[in-house]
Structure formats: C-alpha cells, structure tokens
Amino acid sequence: MKKYRMGTIVNTHALKGEVKVYPHTDDIGRFDEVDYLVVGDTEEKLYIERSRYQKNMVYLKFKGKDRIEDVQKYLQKEVFADENNLRELDENEYMVDSLIGLAVCLEDGEPIGVIKDILSYPANDIMVIENKDRKECMIPFVDEFVPVVDLEEGRVIITPIEGMIGE
C-alpha cells in the first residue's frame, strides 16, 4: 500500500501523551483530514484523538496513548498517511512523495533530470531538479514553468526561461 510522508515526531509535549510533529506537508491542515497515521516502516496505526497547531508545528494526541511513556518510543519516527486514509486531491494537486523521482524534460522531449525534492514556500513550491551531472537547478512549481505533470508516464514537462536550468 502506498504511504505518503506527513511529518516527523520530534518531541513529546507535557505528560499526557501529546507529541510535537514537524510537518512534511505544505498544508498542515491535512492532519485534520486523516483518522490515523502509520509509524515509519511498520504497519502500526496511531489513531488521532485531537490535533492543534502552534506556529509551524503540529501537536497530536493519539487515542490510547495517555502518558508520556506511551509515546516516547515514537520520537524521531516519521509518520505517514496511507492511500486509504487520504482525501481526494483536487485537480493539479499532488502529494510530494508522488513527484520525487519523476523524470523532467522539455516540451521537445529533451531530458533534463529528475525531481530530487519539492520545497514549500508561501508564494509557491519549488522543484529541485538533479541533472545527469548531479547538479541541481530550481524551477518554480507553477503552471507557467510546469505545464504538464503526468504521473502515469512518470514525467514532468517544463518550459524554463533562459538561464533557469543552466545552459
């Protein structure tokens, strides 16, 4: 089953089993859209009792985890939402994990490289592309520069302006 990284549990909070999560999603409200999270490479599901947000961090309380001792074993573990526990994505909305590793090419089919990472910023997301020489370039993930995302074909088509990808 496909899993999508939501965040990393970075610390406990207080004594009643609440944890502090560093989110790996561009919209931390997604934690309110899932019923449970899967821990790391396991199949263990932690059902969310409540969530709250402070600054850019997510605080979660899991059902049945009522003491600090119950959650300490999850420290520094990544948590994931599986495909059965996600809302339907809107058109032109993608999970970052589904974009990492996609081939990047120009409109004429010339290969540029692969997506190494997606950086989230308030104005827009940035695609980090690694070319065949292992050099990186960054392209704003907006329709003007990324007109086609084809998950089935495993590729992204870009239309960069001069100097954007290094010539």
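The values are calculated or read from the model by the stated rules, or taken from the named source; none is laboratory data. Model, not experiment: these values are computed from the prediction. For the accessible areas, the whole protein counts, side chains as well, though only heavy atoms, and no ligand, DNA or RNA atoms are used. Shrake-Rupley method; radii C 1.70, N 1.55, O 1.52, S 1.80 Å.
When the convex hull of its Cα atoms is viewed from all sides, segment 1-122 shows a mean projected area of 8.9 nm².
By accessible area, using a 1.4 Å probe on protein heavy atoms only, segment 61-167 has 45% of its surface on carbon and sulfur. Near LYS77, the amide H atoms lying under 5 Å from its own belong to ILE9; only residues 5 or more places off or on other chains count, and H is placed 1.01 Å from N. Measuring max minus min along each principal axis, the C-alpha atoms of segment 82-167 give extents of 43, 28, 22 Å (largest first). Among ARG52, ARG155, ARG134, the largest mean-square fluctuation in a Gaussian network model of the chain (Cα springs under 10 Å) belongs to ARG134.
Taking all protein chains into account, the per residue accessible area for the chain stands at 60 Å² (1.4 Å probe).
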